[in-house]
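A.B. asks: Quick one: the structure is below, and I'll ask about it shortly.
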Amino acid sequence: MSYTRRSEFLPFTRPMVGQEEIEEIIDSIQSGWITTGPKAARFEEELKAYNGVPHCLVMNSATTGQEISMQVLGLQPGDEVITTSLTWVSTLSTVVLQGGIPVLVDIDPRTLNIDPAKLEAAITPRTKGIIPVHLTGLPCPMDEIWATAQKHGLWVVEDAAQAMGAHYKGRKIGSDPRSVMTAYSFHPNKNMTTGEGGALAFHDSAYAARIQRLRFHGIERDAWKRQSKEGSPHIDVVEPARKANFMDLQAAMGIHQIKKLDGFNQRRSQLFRRYLELFKDVEELMMPWEGDGDHAHCFHLFVARIRPEKAGMDRDAFVAALKEENIGTGIHYKPTHQHSFYRDFYAKHPHALPKDGLPHTDWSGERLFSLPLWPGLKEEDQDQVVAAIKQVLVRS
């Protein structure tokens with residue numbers, strides 16, 4: 001079969017926003033409530049119902065949610081938190097900004113997620129908690145993580161920025177009270193979007209008032225409640241805090257996106273599995289694991305890894321060649337400890353890295369790349385992606 005290069009560039013992802021969201025945004029503008037208001041509160045209720053969590057508060061990003069979680073849990077300078085390097089930098093930065101030290105352990109090379117067998121060796125008297133990252137939308141093996149945390153009196157905060165709609169042993173991510181908090185993201189490349197934004201789910205009602213304060217100037221009550229007919233215009237700031245509120249304009253998208261999420265994820269699963277079938281004879285690439293009944297993927301990303309010794313090129317040359325074929329890719333992620341800030345950070349805190357390093361993280365970090373995957377991707381687009389990859393590999 002002859003190969004024809006795509007005429008237009010195909011990005012690795014694209015948000016799916018429909019007419020319902022557009023009309024709801026217009027309604028918000030016309031109502032006068034464009035910042036935090038009743039639709040944001042409604043979206044919080046729908047998030048609680050969807051994820052099966054008792055409390056869920058929205059804010060400007062999942063990063064802010066995790067930063068607030070560290071503050072609420074009382075992380076102090078020098079305290080240690082165990083996590084993974086194969087993640088976006090915010091997972092570590094929210095610990096560092098609170099004065100903590102992210103202690104890194106290696107990944108399971110099959111899943112790209114944190115290896116629970118590595119946790120025990122990383123625990124010290126200064127360890128306070130564990131942040132597992134459900135990378136690509138594939139749930140971590142939480143039972144082992146929770147068991148280790150309980151044994152040592154540690155808290156668990158789940159980084160579920162990529163895992164809206166994923167399940168672990170039949171429960172939505174974040175719904176199990178063995179994790180004290182869970183952060184979700186609604187960035188445009190996520191499975192559902194509000195443009196920007198995130199949420200923090202939690203199980204202890206005692207945290208609610210403080211999280212609400214910390215997302216908006218340290219004020220006790222939401223602005224829209226103060227400005228209602230029954231509200232009082234007087235405010236009281238009880239502690240210094242950030243401005244990280246979530247707008248009704250964003251919620252206007254969210255209240256429709258969350259209704260579509262399961263359908264989005266179902267379509268993602270079809271495309272994910274179709275990639276697996278199309279690549280089954282391509283020995284130059286290592287395919288991702290699709291999960292199982294216990295680890296029910298939400299198929300946020302399709303992250304493959306190149307085998308340079310078979311492909312005749314490294315990952316960077318490979319993705320550059322695909323770009324020339326008008327095929328977009330992503331890199332999720334460059335291991336965090338390889339960024340310049342964290343190279344310097346771990347040079348000052350060498351005890352926060354394993355003595356034998358992070359071999360599986362480094363190996364995968366050099367080889368991984370994300371292929372186009374979103375619900376609106378057509379089979380013919382997918383066929384062109386696969387054809388372009390085979391063409392690049394043949395040329396190498």
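The values are calculated or read from the model by the stated rules, or taken from the named source; none is laboratory data. Note that the structure is predicted; figures quoted are calculated from it, not measured. Glycine also receives a Cβ, built like all others from the backbone with ideal geometry; neighbour counts cover every protein chain displayed.
A.B. asks: Consider the stretch 1-46. How many of its residues are more than 18 Å from Asn60 (Cβ to Cβ), among the hydrophobic types (A, V, I, L, M, F, W, C) and modelled with pLDDT of 95 or more?
C.D. replies: 8
A.B. asks: Taking helices (runs of 4 or more DSSP H) that do not extend beyond the stretch 293-358, which have at least 1 residues that are within 29 Å of Pro141 (Cα to Cα) and of a type outside the set (Ser, Thr, Tyr)? Reasoning before the result, please.
C.D. replies: Numbers: elements: 308-311, 315-324, 340-348.
The qualifying helices (runs of 4 or more DSSP H) are 315-324, 340-348.
A.B. asks: Could I ask something else about it? Please state which one of Leu138, Leu119 is modelled with pLDDT of 95 or more, among the aliphatic types (A, V, I, L, M) and crowded, with 24+ Cβ neighbours inside 10 Å.
C.D. replies: Numbers: Leu119 fails: crowded, with 24+ Cβ neighbours inside 10 Å.
Just one listed residue meets the conditions, Leu138.
A.B. asks: Oh, and also: Could you tell me whether Val157 is crowded, with 18+ Cβ neighbours inside 10 Å, modelled with pLDDT of 95 or more, within 15 Å of the chain's Cα centre (by Cα) and outside any helix (DSSP H, G or I)? Break it down into steps so the answer makes sense when it comes.
C.D. replies: Working: crowded, with 18+ Cβ neighbours inside 10 Å: yes; modelled with pLDDT of 95 or more: yes; within 15 Å of the chain's Cα centre (by Cα): yes; outside any helix (DSSP H, G or I): yes.
Considered against the rule, which asks whether it is crowded, with 18+ Cβ neighbours inside 10 Å, modelled with pLDDT of 95 or more, within 15 Å of the chain's Cα centre (by Cα) and outside any helix (DSSP H, G or I), Val157 comes out as yes.
A.B. asks: For a quick check of your reading of the model, give me the residue pairs whose first member lies in the stretch 358-376 and is among the basic types (Lys, Arg), whose second is modelled with pLDDT of 95 or more, with beta-carbon atoms closer than 9 Å and at least 6 apart or on different chains.
C.D. replies: Arg367/Met286; Arg367/Ala304; Arg367/Arg305; Arg367/Ile306; Arg367/Arg307; Arg367/Pro308; Arg367/Asp314; Arg367/Arg315
A.B. asks: Val58 is checked against (1) within 17 Å of Leu154 (Cα to Cα); (2) touching an Asp or Glu at 6+ places or on another chain (Cβ under 8 Å); (3) not small (Gly, Ala, Ser) and fails just one. What number does that condition carry?
C.D. replies: For Val58, the exception is condition (1).
A.B. asks: Here is a check on your reading of the model: is Trp146 over 19 Å from Tyr342 (Cβ atoms), among the aromatic types (Phe, Trp, Tyr) and at pLDDT 95 or above? Before you say what the answer is, go through the steps one by one.
C.D. replies: Details: over 19 Å from Tyr342 (Cβ atoms): yes; among the aromatic types (Phe, Trp, Tyr): yes; at pLDDT 95 or above: yes.
It is true that Trp146 is over 19 Å from Tyr342 (Cβ atoms), among the aromatic types (Phe, Trp, Tyr) and at pLDDT 95 or above.
A.B. asks: Give the stretch 354-388 a look and list any residue that's closer than 30 Å to Gln257 by Cα, more than 24 Å from the chain's Cα centre (by Cα) and among the aliphatic types (A, V, I, L, M), or say none.
C.D. replies: Val385, Val386
A.B. asks: Out of (1) within 30 Å of Trp155 (Cα to Cα); (2) outside any helix (DSSP H, G or I); (3) of a type in the set (S, T, N, Q); (4) touching a helix residue (DSSP H, G or I) at 6+ places or on another chain (Cβ under 7 Å), the odd one out for Gln66 is which?
C.D. replies: So the condition that Gln66 fails would be (2).
A.B. asks: Any idea how many residues of the stretch 82-123 are assigned to a loop (DSSP other than H, G, I, E, B) and either at positive phi or free of Cβ contacts under 8 Å to residues at least 60 places away in the same chain (or both)? Show your work before the answer.
C.D. replies: Taking the stretch 82-123 first, the residues assigned to a loop (DSSP other than H, G, I, E, B) are 85-89, 97-100, 106, 108-113, 115, 123.
From the residues that got through so far, the ones that are either at positive phi or free of Cβ contacts under 8 Å to residues at least 60 places away in the same chain (or both) too are 97-100, 112-113, 123.
Final tally of qualifying residues: 7.
A.B. asks: Does at least one position in the stretch 220-241 carry a residue that is more than 16 Å from Val72 (Cβ to Cβ), in contact with a helix residue (DSSP H, G or I) (Cβ under 7 Å, 6 or more places away or on another chain), at pLDDT below 95 and part of a strand (DSSP E or B)?
C.D. replies: No, every residue in the stretch 220-241 fails to be more than 16 Å from Val72 (Cβ to Cβ), in contact with a helix residue (DSSP H, G or I) (Cβ under 7 Å, 6 or more places away or on another chain), at pLDDT below 95 and part of a strand (DSSP E or B).
Residue-wise test of (1) within 20 Å of Thr111 (Cβ to Cβ); (2) among the aliphatic types (A, V, I, L, M); (3) touching a helix residue (DSSP H, G or I) at 6+ places or on another chain (Cβ under 7 Å).
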site	(1), (2), (3)
Ala252	no, yes, yes
Asp262	no, no, no
Ser269	yes, no, no
Arg274	no, no, yes
Asp281	no, no, no
Glu284	no, no, yes
Gly291	yes, no, no
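A.B. asks: Still on this structure: Scanning the stretch 336-348 for residues that are exposed (fewer than 14 other Cβ atoms within 10 Å of the Cβ) and over 29 Å from Glu309 (Cα atoms), which turns out nearest to the chain's Cα centre (by Cα)?
C.D. replies: So, considering only residues that are exposed (fewer than 14 other Cβ atoms within 10 Å of the Cβ) and over 29 Å from Glu309 (Cα atoms), the one nearest to the chain's Cα centre (by Cα) is Phe341.
A.B. asks: Which residues, counting only those in the stretch 1-41, are assigned to a helix (DSSP H, G or I) and loosely packed, with under 14 Cβ neighbours inside 10 Å?
C.D. replies: The initial filter retains those residues of the stretch 1-41 that are assigned to a helix (DSSP H, G or I), namely 19-31, 38-41.
Of everything in the stretch 1-41, those that are assigned to a helix (DSSP H, G or I) and loosely packed, with under 14 Cβ neighbours inside 10 Å turn out to be Gln19, Ile22, Glu23, Ile26, Asp27, Ile29, Gln30, Ser31.
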